[in-house]
Amino acid sequence: MNVVALFKIVPDDTLIKITGSTLDLNVPAKISTYDKSAIEEAIRIKEKHGGKAIGITAGNTDRKAIREALAMGLDEVIAIDMKEQDIYSTANMIADQLKQLNPDLVIGSEATTDSSGGIFPAYLAGLLGLPLISYVKSITIEGKKIRAERNLISSTEIVEAELPLVISVVGEINTPRIPTVKQILESSKKPVKSVNANVKPLVKLASVSPYVIQRKKIIIDGSKMEEAVDKLLSYLRQEGVIS
Amino acid sequence: MNIVVYSEDPEYIKVASSYFPNEKIVAVSTSDTKYADELHVVDKMDEEAIAKYLASLKPDLLITGSTKRDKVVGAYAAGLLKYPILPDVIEISGNKAKRVVYSGMGIAELEFNTPIVVSISKKNVEAKERQTQKKNVNLEEGKVKKIEVKQKGGEGVDLSSAQIIVSVGRGIGSKENIKFADELARAIGGALGGSRPITADLGWLPEDRQIGLSGLKVKPKVYFALGISGQPQHLAGIKDSKIIVAVNTDKNAPIVENADYIVVGDVIKFCQEMVKKVGKK
Ligand SMILES: Cc1cc2nc3c(=O)[nH]c(=O)nc-3n(C[C@H](O)[C@H](O)[C@H](O)COP(=O)(O)OP(=O)(O)OC[C@H]3O[C@@H](n4cnc5c(N)ncnc54)[C@H](O)[C@@H]3O)c2cc1C
């Protein structure tokens, strides 16, 4: 069984700060949160069913983040360097690589923390003409058959399909492993294939500005909770939001 | 321009129609609508099959809603058509669109050309009803077979229209403690919601109570964030609240910058005192 995990390297969302009218994205890069679950699931499938688990990343190709993915247990990473990207150009570049690898299963995650669109695996599946199972919370694979539990907001679906296909996983599917120091050291010996982008984005990013709503930020000391609640209630009554 | 709109939720078809009042709109849905000139009623909720049908209409502009399923259908269709795509657009005018990025911290302005696929966010709009011609479409089966569907069965509380929301995060401490927040919600006539760890991860509340980027967007008069740290993905769902009250033991939690009133203290004590006070009145 050959599995591909898709992951994206993004500015660490816990470090991004808004200063005045700019969003400071000049922060260390990391593997997008739920993409680690895609990597973890690919490694688990390989551990159970044999074969290879290969990672593909496109955009920022930060070596430290790629090494972390390898240290977690991927056999190889294909790193597509793209300065400017949109879903169209990224999917086309990744599809090119997938056609050469011809994997049984491609795993992405529900959404990345930078563009947060939650549609990439579905787009890629359409482009490749492969079936898609999205928002997967658990899977079992037997032979060529995959059974998956899909997590939609107000319902859960159990579905079945034949490999090869594309799935997107939700963060709750697993807890990504943390590589040991030894695994991190060993990861430097694993292959990284560099690819240059040759597909241009069709959507142009004109600007990014901070999304803030000014709040009053009135602090009430809660060490004497009874007084704190009195204070809060008088504020809320003044605001007319509570009677 | 050949505009096709798809959503499982008719509200989105209305929003799409409001963006293009003078253009012909062909809607595809499993539901009914009065906001399209033509409505193609599809006979099953099969995402791949619907995407193939949408692609066969060769739209210049394909607009979908932003439910989890809508976005998958739109993206699959965009892939089939090899069109560019813009998900979760909050505003469209001419060939410019705005969308929320970086988990709710940024707004990106994008420029696009047709053909394209766009998924739009919900908003309150006015749109005129149209003379809708209906036709039924029998879809072929996709390759993914549904074996079982389980409804999660929330209590049918509509958080998206609630005026008061009491929402709990990991700071509530345990499943048992949810009852304190529940009592508070009842005392002030509010609806109970939660952060993603509480709903999706730990299952202390049903998943249809999840508020945030990957859950519900809410706009109450007052939102109580109890033991919620205020990560951007949570804030993304509550930015439209009129007043935000946070209760947190950590006076440096990110929610503090994003709330109107912050009680620095224990969430359980807060709930108990609140219930006493509003009960007395
Ligand atoms: C792609 C993506 C999508 C996501 N979508 C969502 C989403 O839709 N909604 C969502 O909520 N999250 C979402 N998340 C997760 C989000 O990043 C955070 O992990 C989550 O919001 C944190 O939840 P929390 O505030 O309950 O928990 P924590 O971050 O653990 O915060 C707990 C807080 O409780 C406080 N506390 C502890 N004890 C007490 C006490 N006794 N009294 C008072 N306060 C106390 C702590 O100081 C802390 O601030 C998403 C993440 C990703 C990557």
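Spin-label pair residue B:31-residue A:145: with each label point 7 Å from Cα along the Cα-Cβ axis, the two points sit 3.5 nm from one another. For residue A:88, the accessible area of its heavy atoms, probed at 1.4 Å with every protein chain present, is near 50 square angstrom.
What dipole magnitude, in Debye to the nearest 20, does the stretch B:159-280 give about its Cα centre under +1 on Lys/Arg Cβ and -1 on Asp/Glu Cβ?
300
When the accessible areas of B alone and A alone are added and the area of the pair subtracted, with a 1.4 Å probe, the result is around 7300 Å², both sides summed. When B:199, A:175 are compared by accessible area of protein heavy atoms, the largest-first order is A:175, B:199, using a 1.4 Å probe. The listed residues A:49, B:40 rank as A:49, B:40 when sorted by accessible area, largest first, using a 1.4 Å probe.
May I ask you to derive the relative contact order of chain B, considering only C-alpha pairs under 8 Å and at least 6 residues apart, and to give it as an integer percent?
It comes to 14 percent, rounded to a whole number.
As a length-normalised measure over Cα pairs under 8 Å and 6 or more apart, the relative contact order of chain A settles at 23 percent.
Taking every Cα-Cα distance in the stretch A:1-117 and sorting them into 5 Å bins from zero, the calculated P(r) comes out as 2, 12, 22, 23, 20, 11, 5, 3, 1, 1, 0 percent.
Taking the inverse of the mean reciprocal distance over all distinct Cα pairs, the Kirkwood hydrodynamic radius of the stretch A:80-137 comes to 12.2 Å. Annotation: the stretch B:159-280 has a Kirkwood hydrodynamic radius of 13.7 angstrom, from the mean reciprocal C-alpha pair distance. With viscosity 0.692 mPa s and temperature 37 °C, the Kirkwood radius over alpha carbon pairs of the stretch A:136-189 converts through Stokes-Einstein to a diffusion coefficient of 244 µm²/s.
Taking all Cα pairs closer than 8 Å and separated by 6 or more residues, the relative contact order of the stretch B:3-137 comes to 31 percent.
Between the residues B:75, A:14, A:208, the greatest Cα displacement towards the positive end of the dipole of the protein assembly as shown, with unit charges on the Cβ of Lys, Arg, Asp and Glu, is found for A:14.
Annotation: per residue accessible area for the stretch B:65-206 equals 47 Å², rounded to a whole number [probe 1.4 Å, protein chains only]. Note on chain B: with charges restricted to the Cβ of Lys and Arg (+1) and Asp and Glu (-1), its dipole about the Cα centre is near 500 debye. Evaluated at q = 0.09, 0.17 Å⁻¹, the base-10 log of the normalised Debye intensity for chain B, with identical point scatterers placed on the Cα atoms, takes the values -0.50, -1.24.
Restricted to Cα atoms, the stretch A:3-196 shows a radius of gyration and a Dmax of 16.2, 56 angstrom. Just to be sure I understand: of the beta bridges DSSP finds with both ends in chain A, what percent are antiparallel, rounded to 5? Taking every DSSP beta bridge within chain A, about 40 percent pair in antiparallel fashion. Distant-in-sequence amide contacts of residue B:85, defined by a placed amide H-H separation under 5 Å and a gap of 5 or more residues or a different chain, comprise A:87, A:88, B:117. Net charge dipole, the stretch A:3-196: roughly 580 debye, given to the nearest 20, about the Cα centre with Cβ charges of +1 for Lys and Arg and -1 for Asp and Glu. Shielding by partners for peptide B:141-151, expressed as the average number of C-beta atoms from other protein chains within 10 Å of each residue's C-beta, is 6.
With both bridge residues required to lie in the stretch B:3-137, what share of the DSSP beta bridges run antiparallel, to the nearest 5%?
Numbers: 10 of 34 bridges.
About 30 percent, rounded to the nearest 5.
Rounded to the nearest 10 degrees, what's the angle between the helix B:68-81 long axis and the longest principal axis of chain B, both from Cα atoms, 0 to 90? That helix lies at roughly 30 degrees to the long axis. The contact residues of the stretch A:79-111, meaning those that lose at least 50 Å² of 1.4 Å-probe accessible area when all protein chains sit together rather than their chain alone, number zero. Residues whose amide H falls under 5 Å from that of residue A:133, counting only those 5 or more places apart or on a different chain, are A:166, A:167, A:168, with hydrogens built in the peptide plane.
Taking every DSSP beta bridge with both residues inside chain B, roughly what % is antiparallel (nearest 5)?
20
The accessible-area loss of the stretch A:145-193 on complex formation, taken against its chain alone with a 1.4 Å probe, reaches 50 Å² or more at A:153, A:154, A:156, A:157, A:158, A:160, A:172.
Surface composition of chain A: carbon plus sulfur atoms contribute 50% of the solvent-accessible area (1.4 Å probe, protein chains only, all chains present).
Just flag the trypsin sites (Lys or Arg not before Pro) in the stretch B:5-42 sitting in loop per DSSP whose Cβ has no more than 13 other Cβ atoms within 10 Å. Filter output for the stretch B:5-42: B:24. Computed across the protein assembly as shown, the Kirkwood radius stands at 24.1 Å (inverse of mean 1/r, all Cα pairs). For chain B, the longest principal axis of the C-alpha atoms and the axis of helix B:47-56 are separated by about 40°. Angle of helix B:178-187 to the longest C-alpha principal axis of chain B, folded into 0 to 90 degrees and rounded to 10: 90°.
Computed from phi, the 3J(HN,Hα) profile of the stretch B:129-138 under the Karplus parametrisation 6.51, -1.76, 1.60 (θ = phi - 60°) reads 6, 10, 7, 9, 8, 9, 9, 9, 10, 8 Hz, with x in place of Gly and Pro. For the residues of A:196-205, the average number of beta carbons from a partner chain within 10 Å of their own beta carbon is 3.
Residues whose amide H lies under 5 Å from that of residue B:101, counting only those 5 or more places away or on a different chain, are B:106, B:107, B:108; hydrogens are built 1.01 Å from N in the peptide plane.
The values are calculated or read from the model by the stated rules, or taken from the named source; none is laboratory data. Small disclaimer: the values here were computed from a predicted structure and weren't measured. FYI the Cβ positions are ideal-geometry reconstructions off the backbone, even for glycines, and counts take in every protein chain you see. Please note that ligands, DNA and RNA were not included when accessible areas were found on the heavy atoms of the full protein model with its side chains. Shrake-Rupley method; radii C 1.70, N 1.55, O 1.52, S 1.80 Å.
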